[in-house]
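The structure under discussion appears below in the form of structure tokens.
Values in this text are rule-based calculations from the coordinates and carry no lab data. All figures in this text were calculated on a predicted structure; none of them were measured in a lab. All Cβ positions, glycine included, derive from the backbone under ideal geometry; neighbour counts span all protein chains shown.
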Amino acid sequence: MKYSLIVAGNIGVGKSTLVGLLSQRLGWQPFYEPEAENPYLTDFYQDMRAWSFQSQVFFLSRRLRAHRLLLDHPTSAIQDRSVYEDAEIFAANLYHQALMSERDYQTYGELYQVLMEFLPPPNLVIYLRASVSTLQARIGQRGRAYERSISAEYLERLNGLYEAWISKFALCPVLSVPADNLNFVAQPAHLDLIVCKIQEKLTGKEEVIFLPEEIGQ
């Protein structure tokens, strides 16, 4: 059986790390975030309101292509971040921060909705949920200079958008992972637990949760 999975979650939550670990453990093909440089970024950072629409459409096109590659891969594959997050989280955040106009946001939203009608969903979304304090700690640990300016308020806004999105997401099953309490890098047993829950979800078990006793709480 071939599966297509997506790992979703806020900045610093551990998406890329989990994709790598799962691909090694299960022999699945990993797909990471597209590396193509956004040609609008320079203009965007100079005038975010003027260039947010063009920048987000570029990101959307790249994420759509990555999603298509994920679905078309001949073997099971797992992707770091989804096309859904581009629209539901990051474009929405620009709009809520008045960095994308009402007209542009509506046009972007219509484009996204039409594309979703033609794009099959994956078999499973793995949603990594973490508090802002955990996100900040992990962002600090990886030491990326361009992430130093990310504020707690920004992460909190994104967390709110993520929770709103995942609460109504119904295109495919969702496995919510309590990333505050699971250190799947340092503790192999936590990775084993996640793998077990994924397999349960993929085989059709409806209610799959992480019990406190399973994660040592």
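Data table
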item: Linear extension gain, ARG25 paired with ASP43, 0.36 nm per residue minus alpha-carbon span; result: 2.3 nm
item: Sequence of SER76, SER149, SER52 once ranked by neighbouring C-beta atoms within 10 Å, starting from the fewest; result: SER149, SER76, SER52
item: Centre separation in Å (Cα based) which lies between segment 83-155 and segment 1-42; result: 14
item: Cα centroid separation, segment 156-178 to segment 179-196 (Å); result: 20
item: Magnitude of the charge dipole, segment 4-214, Cβ model with Lys/Arg +1 and Asp/Glu -1, debye to 20; result: 340
item: Residues ASN183 and THR107, FRET efficiency given R0 of 25 Å [Cβ-Cβ distance, rounded to 0.05]; result: 0.05
item: In range of the label at GLU147: residues from segment 30-71 whose backbone nitrogen is under 16 Å from the point 7 Å along Cα→Cβ; result: 32-34
item: Nearest-20 debye value, segment 50-151 charge dipole, Cβ charges on Lys, Arg, Asp, Glu; result: 500
item: Taking segment 4-214 and dividing mean pair separation by its residue count, relative contact order in percent (alpha carbons under 8 Å, at least six apart); result: 27
item: Correct choice for percent of Cα pairs over 29 Å apart that was computed from the model, options (1) 19; (2) 30; (3) 25; result: (3)
item: Global size of segment 35-106 as Cα Rg and Dmax, reported in angstrom; result: 13.7, 43
item: Computed label-point distance, nm, for sites LEU71 and GLU117 using a 7 Å Cα→Cβ extension; result: 1.5
item: Exposure proxy order (Cβ contacts within 10 Å, fewest to most) of THR107, THR75; result: THR75, THR107
item: Pairwise FRET efficiency - SER133 versus LEU211, Cβ, R0 = 22 Å, nearest 0.05; result: 0.45
